[in-house]
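Just so it is clear, none of the values below were taken in a lab; they were calculated from the coordinates. None of the values given here were measured: they were computed from a predicted structure. All Cβ positions, glycine included, derive from the backbone under ideal geometry; neighbour counts span all protein chains shown.
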Amino acid sequence: MDKYFSGFPGFRELLFSPDTPESLFSRLPALDTPRLSLRKMQMRDAADIYAWASDPLVSRYVLWDSHKSIADSRNYIRYIRRLYRQGLPSSWAMVLKETGGVIGTVGFMWYSSVNQSAEVGYSMSRSYWNRGLMTEALSAVLAFGFDRLGLHRVEAQFDVRNPASGKVMEKCGMRCEGVLRDRIRNKGEFIDVALYSMLPQDRKSL
Ligand SMILES: CC(C)(COP(=O)(O)OP(=O)(O)OC[C@H]1O[C@@H](n2cnc3c(N)ncnc32)[C@H](O)[C@@H]1OP(=O)(O)O)[C@@H](O)C(=O)NCCC(=O)NCCS
């Protein structure tokens, strides 16, 4: 093997080079959980995404507005697919294995190579709330963040009026660091936001 490749400078590196965050964000490898497949978003997911992203109760506490038409869902998918091409942090589509439908999204809001940190975020169809599905999805994304992206700190934040989201973070092993008063202005109101984080040592206590 060594002898074979010795005549091709750079070929070995090409074959065996470790993943970089950029290549991982670009490929966004599929993640498997008992009930879900997390995979890259496709244009054909627009109808599934519109079905729940048009629900004002789903978007009530998030930074995006509910989708007014399927064109909004298509534009969102185009935006996410541009992030894949650019090797930037983005989201997976959450496919429910039982039906094959895209019932939510989960992923990274930002990534800092200097601090080896990132923030996670997620949204899901109201029809599937309170079945432990986002806990299942976020756990897989956190494992990907620590094991594949080499993160040291993962953050997440939620509007304090949305305690179910905090529950998901806690069930995944994240710790509350406090409440940031009037941290953001969302949908015309100043919002208190709870900040959660996870460090590698927090994984041991799970
Ligand atoms: C927040 C959200 C992702 C939760 O997803 P989910 O799959 O229902 O979460 P899980 O079932 O894994 O866990 C939810 C937990 O919150 C609890 N919960 C639900 N409503 C609650 C409430 N009003 N107060 C306190 N806990 C609540 C559930 O009982 C469950 O805890 P348990 O397993 O101990 O019983 C989902 O509701 C959602 O997509 N909401 C809209 C978008 C959104 O708010 N995204 C988060 C932005 S930060």
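General observations
- Order of Ile70, Ile49 under a 10 Å beta carbon neighbour criterion, fewest first: Ile70, Ile49
- Per-residue ³J(HN,Hα) for segment 142-150, Karplus 6.51 cos²θ - 1.76 cosθ + 1.60, θ = phi - 60°, Hz, x for Gly and Pro: 5, 4, 4, x, 6, 7, 9, 7, x
- Simple label model, 7 Å out from Cα along Cβ direction - Val114 to Glu22, nm: 1.8
- J(HN,Hα) series, segment 127-138, from Karplus relation 6.51 cos²θ - 1.76 cosθ + 1.60, nearest Hz, glycine and proline x: 4, 10, 5, 6, 10, x, 6, 6, 4, 4, 5, 5
- Going by neighbour counts of Cβ atoms within 10 Å, the residues Trp92, Trp52 line up, fewest first, as Trp52, Trp92.
- Ignoring lysines fewer than eight residues from Lys187 along the same chain, the ones with Cα atoms less than 21 angstrom from its Cα are Lys68.
- Lys, Arg +1 and Asp, Glu -1 on Cβ, resulting dipole of the chain about Cα centre, debye, nearest 20: 300
- Hull-based mean projected area of segment 19-155, where the convex hull spans the alpha carbons, in square nanometres: 7.8
- Mean sequence separation of contacting Cα pairs (under 8 Å, at least six apart), scaled by the length of segment 15-149, corresponds to a relative contact order of 27 percent.
- 3J(HN,Hα) from dihedral phi, segment 156-162, Karplus parametrisation 6.51/-1.76/1.60, rounded to Hz, x for glycine, proline: 8, 9, 8, 4, 4, 7, 10
- Label separation (Leu180 vs Leu88): 2.0 nm, computed from points 7 Å beyond Cα along the C-beta direction.
- Distance in nm between pseudo-label sites at Tyr79 and Arg60 (7 Å out along the Cβ direction from Cα): 2.2
- Put simply, the amide H of Ser54, placed in the peptide plane, has neighbours under 5 Å in His67, leaving out anything fewer than 5 places away on its chain.
- If the Kirkwood radius is taken over C-alpha pairs of segment 118-194, then at 20 °C and 1.002 mPa s the Stokes-Einstein diffusion coefficient equals 159 µm²/s.
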